[in-house]
Amino acid sequence: KHFVKGSWNAKIIKSHMPKASDVIIKGKHGLDCFIGTNLQEKLEAHGITTIVLGGFLTNAGVESTMRTAYEKGFNVITLTDGTACCSEGEQSASINHTYKMFSIPMTCEEALRVIRGAVPRRISMQFQSTFQDTADRAS
């Protein structure tokens, strides 16, 4: 087994050790970051309503988490250049089809601008429309 608690490949490397002020998400055992974890509780406790998703595998863990976050009423941004699959075809299918159903797809640079308070012009209408839909679902 890989990444089993206490084994060498489950240890956090020294340069990435959490600080005392970091929020730690516990309990992840599958693809979806919400299932069996304290993620939703931590997000809500910190007043977070928008999440930005990146990682590997796009068509597995990222998509699973994206769908759940959407269904739970979070605003979801999924990175087009901050995720990866095992093939270009799989990545393209996720970005060009699945992302658009459950999130606002954008590049890392665009997401950074959103985090800093500026909505990129090319997505401003889609961003506002999708986030309004999310607010409507949550109420």
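Spin-label point model (7 Å from Cα, Cβ direction): what's the N96 to H29 distance in nm?
3.8 nm
Run the quick spin-label model on R116 and M17: label points 7 Å from Cα toward the beta carbon, then report their separation in nm to one decimal.
It works out to 3.2 nm between the two label points.
Show me, for region 53-60, the HN-Hα J-couplings you get by feeding each phi into the Karplus relation (A = 6.51, B = -1.76, C = 1.60, θ = phi - 60°), rounded to Hz, glycine and proline as x.
Those phi angles translate into 10, x, x, 9, 8, 3, 7, 10 Hz.
Would you grab the residues whose amide H sits under 5 Å from the one on I25? Only those 5+ places off in sequence or on another chain, please, with H modelled 1.01 Å from N.
When sequence neighbours closer than 5 places are left aside, there are no close amide H contacts.
Would you pull out the residues with amide H under 5 Å of T78's amide H, same chain only if 5 or more places away, H placed 1.01 Å from N?
Amide H neighbours of T78: L53, I104, M106.
At 1.4 Å probe radius, can you tell me the per residue accessible area of region 52-117 in Å²? Mind dumping the intermediate values first?
Numbers: 3160 Å² over 66 residues.
Heavy-atom accessible area per residue stands at 48 Å².
List every residue whose amide H lies under 5 Å from the amide H of I48, counting only residues 5 or more places away in sequence or on a different chain, with H placed 1.01 Å from N in the peptide plane.
When sequence neighbours closer than 5 places are left aside, there are no close amide H contacts.
If ligands, DNA and RNA are left out, what is the accessible area of M101 with a 1.4 Å probe, given in Å² to the nearest 10?
Roll a 1.4 Å probe over it and M101 shows about 120 Å².
If we count every other residue with Cβ under 13 angstrom of I24's Cβ, Lys/Arg +1 and Asp/Glu -1, where does the sum land? It would help to have the intermediate numbers written out before the result.
Numbers: positive: K19, K26, K28, K42; negative: D22, E41.
It works out to a net charge of +2.
The values are calculated or read from the model by the stated rules, or taken from the named source; none is laboratory data. This is a predicted model, so every value here is computed, not measured. With ideal geometry, Cβ positions are generated from the backbone for all residues, glycine too; neighbour counts draw on all protein chains shown. To get the accessible areas, we keep the full protein, side chains included, count just its heavy atoms, and leave off ligands, DNA and RNA. Shrake-Rupley method; radii C 1.70, N 1.55, O 1.52, S 1.80 Å.
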